[in-house]
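We did not get these values from a lab; they are worked out from the coordinates using the rules stated. Computed from a prediction, not measured in an experiment: that's the story for all the values here. Here Cβ is always computed from backbone atoms with ideal geometry, including for glycine, and neighbour counts include all displayed protein chains.
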Amino acid sequence: MKKFDVAIAGGGLIGGSIALELARAGLRIGLFDRQEPGQEASWAGAGILSPAPESAAMISLVPLAKASMAIYPEFVRMVEEISGQNVGYRPKGTLQAIFTPDARELSTVIALHHGLGLKAEPLRAEDARKLEPALSEELEAAVLRPEEASVDNRALTQAVLEAALRTGVQFFAGCGVEGISRAGGRCVGLKLNNEKIEAEWTIIAAGCFSANIEGVAAYAPVRPAKGQMIALRADDLNIEKVLWSEKIYLVPRNDGRILAGATVEYTGFEKGLTAGGLEKILAGTLELSPGLANARVEETWAGLRPDSPDHLPILGPTELDGLLIATGHFRGGILLTPITAQLVREWVTQQRASVDWDRFSPMRFQSASAHRAPA
Ligand SMILES: Cc1cc2nc3c(=O)[nH]c(=O)nc-3n(C[C@H](O)[C@H](O)[C@H](O)COP(=O)(O)OP(=O)(O)OC[C@H]3O[C@@H](n4cnc5c(N)ncnc54)[C@H](O)[C@@H]3O)c2cc1C
């Protein structure tokens, strides 16, 4: 039987970063993925690093998001140094475009950000267009969020996995986890198809597939939220910052690609592209930046975000000693990677967490009403 200090189910950005962090702390790690690691949501994402809440429900996530943002530069430095790979980190800020002539919208957005301790500056349309000439002439105003950033999540995921390998993590690709093993009221490892893996600590980080692992659904009732994306390339138009409108976002990469996204759809585990989904993204793109009309479409794809019933991450220990959950990061898993890895490492090595994570406990779904399968 294989034996580890820590067995991890799922080799996306979350599982890979936890593996790296724990291996750097000197632990023996086995990382199990049912396919080649790094091919799901962590590959499909846009890589925006923004702690600003997308809805009122996400406000309780802001402190965790800010904590992750604060350690991102150091996380990137460490991953690039160990892996020898560049991850396309761009700390250039973001611009939120406002198309309504109502000045109250601008002041509400600014007040919301300041109330949460997030930097945000109001800009007149002409000043916004000086910063980003690709923005539409129809713009009424904009909000500059200078502390936000983006990262090439495909490059980051590959670099994290490479760094984990170089730090001694043992990878088992093509090894789907079927369930958790219990003995004496605690979790003692993972069950594969024809093998049991023994571990002092077991961590479930299988993204939107986590609830399919036997024994996990009560702690991590996640479901997939599909997002369709488009990559564009324009020879005659440059975008520096991440651009937002109410409908879409545009994310420039160092290699000149501009990512446009994304839909949020609850259609099960399928990753099909649809005419309606792509049309929505393209219509929003041309409203925000009409000059992209001649851009070439280089790639289209879809991925599955791990969403939880309250749209908040599911992080921390369970009632089963030895079992931790790290999933449900929904639209913010790339942003929340460094803090997730840090908190899991602190818990495994010192049974403490330096940032309050009780709000995200896997035990919050244990009440009778929360036991229902997600709609
Ligand atoms: C279109 C889109 C845009 C996004 N944009 C952003 C963004 O701009 N910023 C941001 O912060 N976040 C964004 N996200 C969200 C982010 O990508 C996710 O929250 C994050 O990647 C989740 O990482 P993960 O490692 O938990 O899951 P995943 O990357 O999905 O990895 C899960 C891994 O588990 C493996 N697995 C599944 N089942 C099993 C099993 N039974 N046994 C073993 N292994 C298993 C899978 O093969 C996979 O490798 C976006 C997501 C999408 C889809």
Report summary line: Put in order of increasing Cβ neighbours within 10 Å, starting from the fewest, 166, 305, 253 give 166, 253, 305
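With the contact rule set at Cα under 8 Å and sequence spacing of 6 or more, what percent relative contact order holds for the stretch 224-375?
Working: 244 pairs, mean separation 34.7, N = 152.
Answer for the stretch 224-375 is 23 percent.
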Requested in this report: Find how many whole Å separate the alpha carbon centroid of the stretch 1-73 from the alpha carbon centroid of the stretch 202-271.
Outcome: 15
Report task. Give the value in nm², to one decimal: projected area of the alpha carbon convex hull of the stretch 91-227, averaged over all directions. Result -> 13.3
Query raised in the report: Residue farthest toward the positive end of the dipole of the chain, with Cβ of Lys/Arg at +1 and Asp/Glu at -1: which of 31, 146, 339?
Result: 31
**Report entry** Cα-based radius of gyration of the stretch 308-355 once divided by 2.2 N^0.38 Å, which approximates compact folds
**Finding:** 1.14
Query raised in the report: What ratio of Cα Rg to 2.2 N^0.38 Å holds for the chain?
Result: 0.99
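Can you give the charge dipole size of the stretch 135-251 about its Cα centre, rounded to the nearest 20 debye, using +1 on the beta carbon of Lys and Arg and -1 on the beta carbon of Asp and Glu?
In total the dipole reaches around 740 debye.
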Query - lysines with Cα under 18 Å of residue 66, excluding same-chain neighbours fewer than 8 positions away - result: 92, 119
**Report entry** Top of 173, 142, 57 by mean-square fluctuation, Gaussian network on the chain, Cα under 10 Å
**Finding:** 57
Report task. With 5 Å bins from zero, work out the P(r) of the stretch 106-162 over every alpha carbon pair and list the percent per bin. Result -> 4, 17, 18, 16, 14, 12, 10, 7, 2, 0
Requested in this report: Could you check which residue among 40, 126, 198 shows the biggest mean-square fluctuation in a GNM of the chain with a 10 Å Cα cutoff?
Outcome: 126
Report summary line: Within the chain, the percent of DSSP beta bridges that are antiparallel, given to the nearest 5, stands at 65
Query raised in the report: In what sequence do 360, 172 fall when counting other Cβ within 10 Å, fewest first?
Result: 172, 360
Query raised in the report: To the nearest 10 degrees, how steep is helix 13-24 against the longest Cα principal axis of the chain, on a 0 to 90 scale?
Result: 60
Query raised in the report: So what is the relative contact order of the stretch 72-214, in percent, for Cα pairs below 8 Å that sit 6 or more residues apart?
Result: 24
**Report entry** Max mean-square fluctuation residue, GNM over the chain, Cα-Cα springs under 10 Å, options 104, 182, 77
**Finding:** 104
Query raised in the report: Near the amide H of residue 249, under 5 Å away, which other amide H atoms are found, from residues 5 or more places off or on another chain, if H is placed in the peptide plane?
Result: 261, 262
Report summary line: With Rh as the Kirkwood radius over Cα pairs, the stretch 224-375 has Rg/Rh of 1.07
Query raised in the report: Could you put 110, 48 in order, starting from the residue whose Cβ has the fewest other Cβ atoms within 10 Å?
Result: 110, 48
Query raised in the report: Which number comes out as Rg/Rh for the stretch 153-284 once both Rg and the Kirkwood Rh are worked out on C-alpha atoms?
Result: 1.09
Report summary line: For the stretch 205-289, whose charge dipole is built from +1 on Lys and Arg Cβ atoms and -1 on Asp and Glu Cβ atoms, the candidate among 228, 266, 206 with its Cα farthest towards the positive end is 206
**Report entry** Long-range lysine pairs (8 or more apart or interchain), the stretch 210-362, Cα under 18 Å
**Finding:** 5
Query raised in the report: Amide H to amide H, which residues 5 or more places from residue 321 or on other chains are under 5 Å from it, using H placed in the peptide plane?
Result: 187
Report task. Go through 294, 48, 98 and say which Cα lies farthest out towards the positive end of the charge dipole of the chain; charges sit on Cβ, +1 for Lys and Arg, -1 for Asp and Glu. Result -> 48
Query raised in the report: About its Cα centre, how strong a charge dipole does the stretch 270-339 have in debye, to the nearest 20, once Lys and Arg get +1 and Asp and Glu get -1 at the Cβ?
Result: 240
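With an 8 Å cut-off on Cα pairs and a minimum separation of 6 or more residues, tell me the relative contact order of the chain in percent.
On the way: 869 pairs, mean separation 88.8, N = 375.
Worked out over the chain, it gives 24 percent.
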Requested in this report: Only Lys, Arg, Asp and Glu count, each charged at its Cβ (+1, +1, -1, -1), so figure out the dipole size of the chain about its Cα centre, rounded to 20 debye.
Outcome: 820
